[in-house]
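**Student:** Provided herewith is a single structure, encoded as structure tokens, for subsequent inquiry.
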Amino acid sequence: MSNQKTCPSTTGDTATAEIIGVIGTDGLVRNIPTPIPLTDEMRESVGPRPERIFRLAGPCMEGRCANWQNKACALIDRMREQAERLQLATDAADKLPRCAIRPTCVWWRQRGPEACQICPQVAYNPS
Ligand code: SF4
């Protein structure tokens, strides 16, 4: 397995960001089967902060990211705790959402199917 780790929730500030999902009007992310590079043309057409429309993936920055704690991404555990607190409905653990980046996803590597259960709830600026 490659050591490359992918962050499944980055922002448009990442130069190499790729679209891996679309945020629906209900605030949930619908993954797409193949990543689409967020090109300059697309950035121009969707305007600032493309992460309000798309779920974006990019290289995991590890220690250069505020969410990196104790050699792991702390964001997915925070999201799981929040989902439990708010009693949000999550997908069954045996029903993984399709995903374009699973082999390198840092959340998948840390938490496996539990991460995928909460993943559709994670969006910047959900409507
Ligand atoms: S948590 Fe699961 S569904 Fe979400 S990006 Fe990672 S592998 Fe894909």
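The values are calculated or read from the model by the stated rules, or taken from the named source; none is laboratory data. Every value quoted in this text rests on a predicted model; they were computed, and no experiment measured them. FYI the Cβ positions are ideal-geometry reconstructions off the backbone, even for glycines, and counts take in every protein chain you see. The area values use the complete protein model at the heavy-atom level, side chains included, leaving out ligands, DNA and RNA. Shrake-Rupley method; radii C 1.70, N 1.55, O 1.52, S 1.80 Å.
**Student:** Rank GLN87, GLN117, GLN69 by mean-square fluctuation in a GNM of the chain with C-alpha springs under 10 angstrom and give only the top-ranked residue.
**Tutor:** Of GLN87, GLN117, GLN69, the Gaussian network model singles out GLN87 as fluctuating most.
**Student:** Leaving ligands, DNA and RNA out of it, report the carbon-plus-sulfur percent of the accessible area of segment 6-121 at a 1.4 Å probe.
**Tutor:** 53 percent
**Student:** Quote the FRET efficiency, to the nearest 0.05, computed for MET42 versus GLU62 with a Förster distance R0 of 25 Å and r equal to the Cβ-Cβ distance.
**Tutor:** Calculated transfer efficiency: 0.40.
**Student:** Where is the GNM fluctuation largest for the chain (alpha-carbon springs, 10 angstrom cutoff): MET42, MET61, MET79?
**Tutor:** Answer for the Gaussian network model of the chain: MET42.
**Student:** Rolling a 1.4 Å sphere over the protein heavy atoms, what is the accessible area per residue of the chain, to the nearest Å²?
**Tutor:** Per-residue value: 60 Å².
**Student:** Springs between alpha-carbon atoms under 10 Å, Gaussian network over the chain: tell me which of LEU38, LEU56, LEU86 tops the mean-square fluctuations.
**Tutor:** Looking only at LEU38, LEU56, LEU86, the largest GNM fluctuation is found for LEU86.
**Student:** Still on this structure, I have one more. Taking the Cβ of GLY24 as the centre, find all other residues whose Cβ is under 11 Å away and add up their charges (Lys, Arg: +1; Asp, Glu: -1).
**Tutor:** +1
**Student:** Determine the gain in length on full extension of the stretch LEU86-ASP13; use 0.36 nm per residue of separation and subtract their C-alpha separation, reporting nm with one decimal.
**Tutor:** So the extension gain works out to 23.3 nm.
**Student:** Relative contact order of segment 6-121: what whole-number percent is it, with Cα pairs under 8 angstrom and at least 6 residues apart?
**Tutor:** 34 percent
**Student:** Net charge near THR34: determine it from the other residues with C-beta under 14 Å of the C-beta of THR34, scoring Lys and Arg +1 and Asp and Glu -1.
**Tutor:** +3
**Student:** Just to confirm the filter: which trypsin sites (Lys or Arg not before Pro) across segment 1-85 are DSSP coil and have at most 14 other Cβ within 10 angstrom of their Cβ?
**Tutor:** Within segment 1-85, the qualifying trypsin sites (Lys or Arg not before Pro) (loop, at most 14 other Cβ atoms within 10 Å) are LYS71.
**Student:** Please give, to one decimal in nm, the separation of the simple spin-label points placed at VAL22 and ALA72, each 7 Å out from Cα toward the Cβ.
**Tutor:** 3.4 nm
**Student:** Restricting things to alpha carbons, tell me how big segment 6-121 is in terms of Rg and Dmax, in Å.
**Tutor:** Every Cα atom of segment 6-121 included, Rg and Dmax give 13.9, 40 Å.
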